Amino acid sequence: MRSSPTPEDVAKEGLLISRIKNGTVIDHINGGEALNVMKILGITGSTTESLSIATNVPSRNMGKKDIVKLSNRELSKTEVDRIALISPKATINIVRNFKVCEKKGVEIPILIEGSVRCPNPGCISNTNEPIKSRFAVLPEGKGLRCLYCESVIKKDLTSHII
Ligand code: CTP
């Protein structure tokens with residue numbers, strides 16, 4: 001006799017959020033971070049994109065995970081790098097005609113350029129100079145270090161994303 005499906009089975013079978021025809025599924029997002037992923041992707045209440053979100057879905061490997069499904073959209077490398085910073089286990093699935101035709105993990109970049117605002121108001125990257133912010137990504141999740149003024153962002157990284 002078949003036992004009743006677990007919440008994970010339900011999510012996997014697409015009953016929680018249905019499968020998409022074409023687009024990108026961002027899977028294995030850290031539980032609770034889906035809205036920050038949307039912020040990174042520039043999706044606000046007034047955008048017209050077709051998307052589905054599941055938050056805090058049970059996951060065998062992660063405990064809880066979030067999923068974002070975007071129809072008819074692929075992500076740029078900059079967007080994927082930003083997602084890596086807040087969800088290093090995320091997987092990016094490209095779906096074409098209902099099939100996952102490409103699956104890749106994200107990689108935490110060594111250097112972040114132009115995506116994060118330095119918390120130091122006196123930093124040259126916060127002046128009118130035509131200079132992009134530049135941060136070194138510190139090992140073991142210790143945060144980001146500004147390459148101009150040495151300020152370190154230790155936590156709440158998303159609030160600094162431009
Ligand atoms: N997916 C989707 N629409 C499709 C195909 C897949 O929304 N047409 C979603 C699935 O629901 C899943 C993700 O894309 O969340 C990856 O699909 P798949 O590789 O089939 O699932 P898994 O094997 O469980 O992935 P993984 O091994 O990465 O956990």
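From the list Ser52, Ser18, which residue is within 12 Å of the ligand (Cβ to nearest atom), over 30 Å from Cys146 (Cβ atoms) and assigned to a strand (DSSP E or B)?
After ruling out the rest, the residue left standing is Ser52.
How many residues are surrounded by 13 or more Cβ atoms within 10 Å (Cβ to Cβ) and over 18 Å from the mean Cα position of the chain (by Cα) if we restrict to the range 84-134?
The total comes to 11.
To keep it simple, each residue is scored yes or no on (1) closer than 12 Å to Arg82 by Cα; (2) in contact with a Cys (Cβ under 6 Å, 6 or more places away or on another chain); (3) modelled with pLDDT under 95.
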site: Gly114; (1), (2), (3): yes, no, yes
site: Glu129; (1), (2), (3): no, no, yes
site: Pro139; (1), (2), (3): no, no, yes
site: Glu150; (1), (2), (3): no, no, no
site: His160; (1), (2), (3): yes, no, yes
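Taking the range 91-146 as the region of interest, how many residues are among the aromatic types (Phe, Trp, Tyr) and either within 16 Å of the ligand (Cβ to nearest atom) or assigned to a loop (DSSP other than H, G, I, E, B) (or both)?
1
If you take the residues in the range 135-162 that are loosely packed, with under 13 Cβ neighbours inside 10 Å and among the basic types (Lys, Arg), which one is nearest to Ala34 (Cα to Cα)?
Among those that are loosely packed, with under 13 Cβ neighbours inside 10 Å and among the basic types (Lys, Arg), it is Lys155.
The values are calculated or read from the model by the stated rules, or taken from the named source; none is laboratory data. Because the structure is a prediction, the values reported are computed rather than measured. Cβ sites come from the backbone with ideal geometry, for glycine too, and all protein chains shown count toward neighbours.
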